[in-house]
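Everything on this sheet refers to the single structure shown next.
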Amino acid sequence: MKKLYNLDVRLRERKSAGVYGFQIGSKGLILFKKSLGLPLGSKRNIEVPIIILNSNKRIIASFIKGFFDTDGGIYLEKKNSKLYPRIQVTNYSTKIMVQLKEILENIFMFNLCFYLDKNTNTYRIIIRGEENFEKWMKVIGTNNPKNIFKYKMWKNSQKIL
């Protein structure tokens, strides 16, 4: 936060909620992010900003990576004595999830599962399989340390087999 926005943050722990992090109340930062097309308030009807949709594949992939790092994850399922990878992204907004589905299918050529989870009222995109997993990491990638750890764990399990 200091490097990006010249803001000092103080980390804190809320044991009752099981959360460790920080909170920022910078009007300048809020206005800057709003100028990029990021909405204030409820995020139930968010969509991919037009500036991103009209960009090249590299910019679109970077957007998807950021979205995945906050609203997605890598899941490794034990199947037939090996780890079976899947990419999953979940969000409440119909608009952004339909857009994301179309981008992933049409621009990046992923085969995916898209559905509404009626229990949680969220939309899910699931991309399964080793080939898709490798393609995701090459084309989209991740900056989330938890996802990087899982990818390395999966890669190491492939060496053993």
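How many residues are of a type in the set (K, R) and either in a loop (DSSP other than H, G, I, E, B) or on the phi > 0 side of the Ramachandran plot (or both) if we restrict to region 73-120?
Total satisfying the criteria: 1.
If you check Y84 against the conditions, is it surrounded by 14 or more Cβ atoms within 10 Å (Cβ to Cβ), in contact with an Asp or Glu (Cβ under 7 Å, 6 or more places away or on another chain) and either over 21 Å from G129 (Cβ atoms) or not polar (S, T, N, Q) (or both)?
Yes: the conditions hold for Y84.
From the list K150, K155, which residue is assigned to a helix (DSSP H, G or I) and exposed (fewer than 15 other Cβ atoms within 10 Å of the Cβ)?
K155
For the list (1) over 23 Å from L100 (Cβ atoms); (2) surrounded by 13 or more Cβ atoms within 10 Å (Cβ to Cβ); (3) not aliphatic (A, V, I, L, M), I need the number of the one condition that G37 fails.
G37 satisfies all of (1) over 23 Å from L100 (Cβ atoms); (2) surrounded by 13 or more Cβ atoms within 10 Å (Cβ to Cβ); (3) not aliphatic (A, V, I, L, M) except (1).
Pick from M97, M137: which is surrounded by 17 or more Cβ atoms within 10 Å (Cβ to Cβ), hydrophobic (A, V, I, L, M, F, W, C), farther than 14 Å from P85 by Cα and within 15 Å of the chain's Cα centre (by Cα)?
None of the other options fit; the residue is M97.
Any chance you could count how many residues in region 20-62 are among the charged types (D, E, K, R), at pLDDT 85 or above and in a loop (DSSP other than H, G, I, E, B)?
Residues meeting the conditions: 1.
Mind listing just one residue for me: the one in region 105-126 that is within 17 Å of K57 (Cβ to Cβ) and in contact with a helix residue (DSSP H, G or I) (Cβ under 8 Å, 6 or more places away or on another chain) and, of those, surrounded by the most Cβ atoms within 10 Å (Cβ to Cβ)?
F110
What pairs come out if I take residues in region 100-122 that are assigned by TED's automatic domain parsing to the domain that holds F67 and pair them with residues that are loosely packed, with under 12 Cβ neighbours inside 10 Å whose C-beta lies under 7 Å away, six or more apart or interchain?
Hits for this filter: I107/K57.
Exactly one condition in (1) charged (D, E, K, R); (2) closer than 27 Å to G129 by Cβ; (3) crowded, with 17+ Cβ neighbours inside 10 Å is false for R58; which is it?
(3)
The values are calculated or read from the model by the stated rules, or taken from the named source; none is laboratory data. In this text the structure is predicted, and so the values were computed from the model without any measurement. Using ideal geometry, Cβ is built from the backbone for each residue, glycine included, and neighbour counts are taken over all protein chains shown.
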